[in-house]
Amino acid sequence: MKNSVMRIAPGVPDLGNDPLPVSPYVCEEFFEGERTHLFGQVWLNVARGCEIPSPGDFVVRPVEIRNASVIVVRGQDGVIRAFHNVCSHRSAKVEWRKCGHARLFSCPYHAWSYDTEGRLRGVPSEANFVNLDKSTNGLTPIACDTWNDLVFVNFAERPAQTLREYLGGLADYGDDYPMNDFDAWVHIDVGVVNCNWKIFLDAFQEIYHLNYLHKQTLTDTFKWKENPDGEPAYFQTFGLHRTISMGYNPGHRSGPIATLAQRFASDITSTGGSALKTANSSITNRRSGVNPGGLTNWALDVTTIFPNAVWLVGADSSIFHKVWPIDKEHTRYENFSFYRKPKKPSERFAREVSFGLFRDTIVEDVLNTEFCQQALKAGAKKTFHLQSTEASVRHHHHHVARYARGEVKHD
């Protein structure tokens, strides 16, 4: 095997080179282990603070693998909290909107109402209830915390770790990243994809496939003379989490429309232009931990927030792939692309060009992952093989298996 271009950070664990079993993609017992021991115990990113900037602003997020609907709301005191979207009366769904503003959440079934701190405030015909204590019948809280404007929840009754402890070195990596600069966003809700959640997440954690699956959309963006195969340039782990850094091709030439757009806002194919230079300068001046390998031609970091989010860390945008398991063969995929709010038409034009490119690459990924799941169900293959630059995939499967088998203690 030829030597890889990818450099590996000190301290990255050696997880071997053996083929991995395909059973975690198709086994019902393994999926139930993920439901209980993984998604029932770890911190999950469900929102950003900028989505609910004012007291009373809220979003409702489904977490299917936990059979949960989650209200994330900024209280009148400014604190962000999360609650099960379930009425204390007879377990009806309280809030049916996906987002909005409210001083009270009123259940449509019998009009029990709750304030933004989750307290039960109103009960019609309250005198007809015997020994009803409103103080103990508010919305059921879910552990909630924030880091760099990212909102996380944990379904454990008493989480074994604080959010900061769970993120570990990833928090140090991203503490000074200018997340709040990106205060506008586009939400793409692809919906249900017919594959196991890990198949879909795998596609976002490695770039081996870019030269082939995305040859029409990304062409030669991430390969250059010293890196003809477009390999990731740097790999680092942070406990459960990980990142790979990608460099851009200095010789890449975009088409005329993209070239014009890159004067006003950079995108994942940018290799120059005033917008990229300005954005990179902002990252450097803040001494952020991104680009840990110090690439001079840095394009972006592909950072996995374990277990189900891939964060494309750029200088001019911040993109999140969210992969939500439904059952062992179905996944809900959504994407949030955060960027600087355009101040003039030229910047809006640049963003629209970038979104078009991004949309096209997602379509290519969705079709391929569904075909993979269908093939796995046929049982023709018992194992799959990973090359050295797919280290993120191996690292992810290692830790998912530890949780699913109940090897990680939560005491």
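The values are calculated or read from the model by the stated rules, or taken from the named source; none is laboratory data. Everything numeric in this text was worked out from a predicted model, so none of it was measured. So basically every Cβ, Gly included, is an ideal-geometry build from the backbone, and we count neighbours across all protein chains shown.
General observations
- Tally of residues being in a helix (DSSP H, G or I) and touching a residue at least 60 places away in the same chain (Cβ under 8 Å) across segment 392-410: 12
- Exactly one residue among V153, V94 is part of a strand (DSSP E or B), touching a strand residue (DSSP E or B) at 6+ places or on another chain (Cβ under 6 Å) and crowded, with 20+ Cβ neighbours inside 10 Å, and that residue is V153.
- Qualifying residue in segment 311-325 (condition: out of contact with any strand residue (DSSP E or B) (no Cβ under 9 Å at 6 or more places or on another chain) and either among the hydrophobic types (A, V, I, L, M, F, W, C) or in the same structural domain as H398 (by TED's automatic domain parsing) (or both)): no
- Meets criteria (of a type outside the set (A, V, I, L, M, F, W, C), under 26 Å from the mean Cα position of the chain (by Cα) and either at pLDDT 90 or above or within 25 Å of H397 (Cβ to Cβ) (or both)) for G230: yes
- T146 vs. criteria at pLDDT 95 or above, out of contact with any Lys or Arg (no Cβ under 8 Å at 6 or more places or on another chain) and within 24 Å of Q41 (Cβ to Cβ): yes
- Residues of segment 172-193 classified as surrounded by 15 or more Cβ atoms within 10 Å (Cβ to Cβ) and farther than 30 Å from P342 by Cβ, total: 1
- Selection over segment 382-391 of residues that are out of contact with any helix residue (DSSP H, G or I) (no Cβ under 9 Å at 6 or more places or on another chain), exposed (fewer than 12 other Cβ atoms within 10 Å of the Cβ) and part of a loop (DSSP other than H, G, I, E, B) gives a count of 1.
- Residue, surrounded by the most Cβ atoms within 10 Å (Cβ to Cβ), within segment 107-150, restricted to residues that are under 15 Å from R81 (Cβ atoms) and among the polar types (S, T, N, Q): T116
- Segment 296-310: number of residues that are over 26 Å from V353 (Cα atoms) and either not in a strand (DSSP E or B) or not assigned by TED's automatic domain parsing to the domain that holds P178 (or both): 3
- Tally of residues being more than 21 Å from C50 (Cβ to Cβ) and part of a helix (DSSP H, G or I) across segment 156-182: 4
- Among residues of segment 165-191 that are at positive phi, those with a beta-carbon under 8 Å from a residue that is among the hydrophobic types (A, V, I, L, M, F, W, C) at least six positions away or on a different chain give the pairs G168/F238; G168/L240.
- Long-range neighbours under 8 Å by Cβ, at least six apart or interchain, first residue of a type in the set (G, A, S) within segment 1-30, second in a strand (DSSP E or B): A9/Y234; A9/F235; A9/Q236; A9/T237; G11/T237
- Taking the criterion of being at pLDDT 75 or above and of a type outside the set (D, E, K, R), the residues of segment 362-373 that qualify are L367, N368, T369, F371, C372, Q373.
- Among (1) within 22 Å of F30 (Cβ to Cβ); (2) touching a Gly at 6+ places or on another chain (Cβ under 6 Å), the one test that L295 misses: (1)
- Within segment 81-102, being of a type in the set (A, V, I, L, M, F, W, C) and within 23 Å of T136 (Cβ to Cβ) holds for A82, F83, V86, C87, A92, V94, A102.
- Test: residue in segment 356-365 that is of a type outside the set (A, V, I, L, M) and either in contact with an Asp or Glu (Cβ under 9 Å, 6 or more places away or on another chain) or free of Cβ contacts under 8 Å to residues at least 60 places away in the same chain (or both): yes
- Only residues that are under 25 Å from P325 (Cβ atoms) and surrounded by fewer than 20 Cβ atoms within 10 Å (Cβ to Cβ) were counted across segment 64-79, and they come to 5.
- Count - residues of segment 116-150 that are in contact (Cβ under 8 Å) with a residue 40 or more places away in the chain, more than 15 Å from V70 (Cα to Cα) and either assigned to a strand (DSSP E or B) or small (G, A, S) (or both): 2
- Condition check for G379: of a type in the set (G, A, S), surrounded by fewer than 19 Cβ atoms within 10 Å (Cβ to Cβ) and part of a helix (DSSP H, G or I): no
- Scan of segment 79-91 for residues that are outside any strand (DSSP E or B) and out of contact with any Phe, Trp or Tyr (no Cβ under 6 Å at 6 or more places or on another chain), ordered by number: V79, N85, V86, S88, R90, S91
- Residue within segment 331-346 that is free of Cβ contacts under 8 Å to residues at least 40 places away in the same chain and touching a Phe, Trp or Tyr at 6+ places or on another chain (Cβ under 6 Å) present: no
- Among the criteria (1) of a type in the set (K, R); (2) closer than 30 Å to H396 by Cβ; (3) touching a Ser or Thr at 6+ places or on another chain (Cβ under 7 Å), the one R35 does not fulfil is (3).
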